[in-house]
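See below for the structure under consideration.
The values are calculated or read from the model by the stated rules, or taken from the named source; none is laboratory data. On a predicted model such as this, the values are computed, not experimentally measured, just so you know. Here Cβ is always computed from backbone atoms with ideal geometry, including for glycine, and neighbour counts include all displayed protein chains. Areas reflect the complete protein model, heavy atoms only, side chains present, ligands, DNA and RNA absent. Shrake-Rupley method; radii C 1.70, N 1.55, O 1.52, S 1.80 Å.
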Amino acid sequence: MNSEDELLRNLVQINTAGKNESAVATYLKKIFDENNIQNQLVEFDDGRSGLIASIGNGNGPTIAFDGHEDTVALGDTSRWQVDPLAGTIINDKFFGRGITDMKSGLAAGVVAMLRLKQHEASLNGTFKLFATVGEELGELGAEQMVRLGLANDIDALLVGEPSGVPVEFVSKLPKEASLPGIMLSENIHEVVAKNSINEQHFLTIAHKGALTYKVKSQGITAHSSMPELGVNAIDTLVNFINQQSQVFQKIERIKNDILGATTPVVTEISGGEQPNTVPGSAEVSVFIRTIPEVTHEEILSQISRIIDDINANSHAKLTLETDISLEAVYSQKESKLNRLAKLIGERVLQQSLPFIGVSGGTDASQFVKVNPNLDFLVFGPGNISAHQVDEFVYTNIYHSFIDIYEEIIRDYLK
């Protein structure tokens, strides 16, 4: 096993599903220290550490690579053909929990930095690597790094999340079908027809934002035989939901050329205590995938107006609680990073790489807070549909992305 595979295997063997990111950060720090690469641990909590490493002369632009250290839970390990924490290679596949999302991407970024360190004098600018925590749990470790001012100088961001789809999966799609969660202008079947390997990759230059909120309705509980003594919280909440639907219908008509429309989903509704009482409380939860053309402020303003109007005319009272608010990220196809990625990626992977937008989010939503014009790209080894039993990455794809990252960053910093 070569050193690049050994590094990835060691990352897989560190179980970070249980919030143990410090073990990964400490391991990476040891590697960077041994190679004289400037780095620092960023402590978040006990056992929770991220890391930032950097090389270059600092006299030009700054390009960053982002990868998260954590993975999803192991799940039912009896269903795996191999130990999910062993990092086993069978034929052309490298197995392990989190190897796709996203320890292979993180490892590829680390190896690229180690290679580029050998030619640091030729890098006209700075290459920073961010290893973040809590991405899978929605804990937003990247947000804390941004708040600490550690990302203030970034001009371009390359996110190593998986960007591939199995060619076999695409070949089974009906000709008129689209890929779930992916906005693609080209015909996917025509794209794949030119592909000679197992995976079709994409260049993600936009992804939707995420806005979640909860609306609570507070009434007065009473026995069903004397409903006039109570205030029905569910009735008031239903009124709100109906008016909210009208707002959703309006904002869904607005489109982004890559991301399409805003996607609102009512995810949870609860209320009442038992069958024979007037419900004194109820609540609804909403998750909205957003686009740049419809801001979070605009959505929340319209929702707040509905709530204010209902509260002025109802005995039950509504309150709004906002949870996640991550803005959509959008980059231009013609940007320097994206032009380099397409040119280099297509040559190394020997396939056409379409530009796409996706519904899911990444750490990039945090980085754009300090640079709204950030040059941004998601491009990495592995299958977009990660978190599967027997999760794996193709060994040749992993090694190809090391080459791709090295060349993109070298050329960006010429």
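Select, from Lys172, Lys216, the only residue that is within 30 Å of Ile241 (Cα to Cα) and open to solvent by 10 Å² or more (accessible area, probe 1.4 Å).
Exactly one residue qualifies, and that residue is Lys216.
Out of Leu137, Leu179, which single residue is open to solvent by less than 30 Å² (accessible area, probe 1.4 Å), part of a loop (DSSP other than H, G, I, E, B) and either free of Cβ contacts under 8 Å to residues at least 60 places away in the same chain or out of contact with any helix residue (DSSP H, G or I) (no Cβ under 9 Å at 6 or more places or on another chain) (or both)?
Just a single option satisfies the conditions, and that option is Leu179.
Write out, first by first residue and then by second, each pair whose Cβ atoms fall under 7 Å of each other, whose residues are 6+ apart or on separate chains, and whose first residue, in the stretch 44-55, is open to solvent by 20 Å² or more (accessible area, probe 1.4 Å) while the second is in a strand (DSSP E or B) and modelled with pLDDT of 85 or more.
Pairs found: Phe44/Gly50; Ser54/Gln38; Ser54/Thr126; Ser54/Phe127; Ser54/Lys128.
Just one of (1) open to solvent by 60 Å² or more (accessible area, probe 1.4 Å); (2) more than 29 Å from Asn338 (Cα to Cα); (3) part of a loop (DSSP other than H, G, I, E, B) trips up Asn59, so point out which.
Going through the list (1) open to solvent by 60 Å² or more (accessible area, probe 1.4 Å); (2) more than 29 Å from Asn338 (Cα to Cα); (3) part of a loop (DSSP other than H, G, I, E, B), Asn59 breaks only (2).
Taking into account only those residues within the stretch 352-370 that are more than 16 Å from Ile182 (Cα to Cα) and open to solvent by less than 30 Å² (accessible area, probe 1.4 Å), which is modelled with the lowest pLDDT?
Going through the qualifying residues, I end up with Asp363.
Report, by residue number, each residue of the stretch 225-242 that is among the hydrophobic types (A, V, I, L, M, F, W, C) and in a helix (DSSP H, G or I).
Leu229, Ala233, Ile234, Leu237, Val238, Phe240, Ile241 - these are the residues of the stretch 225-242 that are among the hydrophobic types (A, V, I, L, M, F, W, C) and in a helix (DSSP H, G or I).
Residues that are of a type in the set (Phe, Trp, Tyr): list the strands (runs of 3 or more DSSP E) wholly contained in the stretch 243-355 that include at least 1 such residues.
281-290
Which one of these does Ile197 not meet: (1) loosely packed, with under 14 Cβ neighbours inside 10 Å; (2) in a loop (DSSP other than H, G, I, E, B); (3) modelled with pLDDT under 95?
Failing condition for Ile197: (1).
From Leu184, Leu203, grab the single residue that is in contact with a Phe, Trp or Tyr (Cβ under 8 Å, 6 or more places away or on another chain), surrounded by fewer than 20 Cβ atoms within 10 Å (Cβ to Cβ) and either of a type outside the set (Val, Ile, Thr) or farther than 21 Å from Glu161 by Cβ (or both).
Testing whether each residue is in contact with a Phe, Trp or Tyr (Cβ under 8 Å, 6 or more places away or on another chain), surrounded by fewer than 20 Cβ atoms within 10 Å (Cβ to Cβ) and either of a type outside the set (Val, Ile, Thr) or farther than 21 Å from Glu161 by Cβ (or both) leaves just Leu184.
Determine if the stretch 226-233 includes at least one residue that is of a type in the set (D, E, K, R) and in contact with a helix residue (DSSP H, G or I) (Cβ under 9 Å, 6 or more places away or on another chain).
Looking for residues that are of a type in the set (D, E, K, R) and in contact with a helix residue (DSSP H, G or I) (Cβ under 9 Å, 6 or more places away or on another chain), one finds none in the stretch 226-233, hence no.
Restricted to the stretch 219-255, and to residues that are acidic (Asp, Glu) and either exposed (fewer than 15 other Cβ atoms within 10 Å of the Cβ) or touching a strand residue (DSSP E or B) at 6+ places or on another chain (Cβ under 7 Å) (or both), which residue is farthest from His296 (Cα to Cα)?
Glu228
When the stretch 336-385 is examined, which residues are found to be among the aromatic types (Phe, Trp, Tyr) and in contact with a Lys or Arg (Cβ under 6 Å, 6 or more places away or on another chain)?
Phe355
Considering the stretch 37-56 alone, what residues qualify as being within 14 Å of Lys128 (Cα to Cα) and outside any strand (DSSP E or B)?
Listed by number, the list holds a single entry, Ile37.
Being modelled with pLDDT of 95 or more and of a type in the set (Phe, Trp, Tyr) is the filter; apply it to the stretch 1-58 and report the residue that is farthest from Asn152 (Cα to Cα).
Tyr27
Go through the stretch 376-394 residue by residue and tally those that are buried (at least 22 other Cβ atoms within 10 Å of the Cβ) and of a type in the set (Asp, Glu).
Of the residues in the stretch 376-394, 1 are buried (at least 22 other Cβ atoms within 10 Å of the Cβ) and of a type in the set (Asp, Glu).
With respect to His189, determine if the residue is surrounded by fewer than 12 Cβ atoms within 10 Å (Cβ to Cβ), in contact with a Leu (Cβ under 9 Å, 6 or more places away or on another chain) and either touching a residue at least 12 places away in the same chain (Cβ under 8 Å) or more than 30 Å from Glu298 (Cα to Cα) (or both).
no
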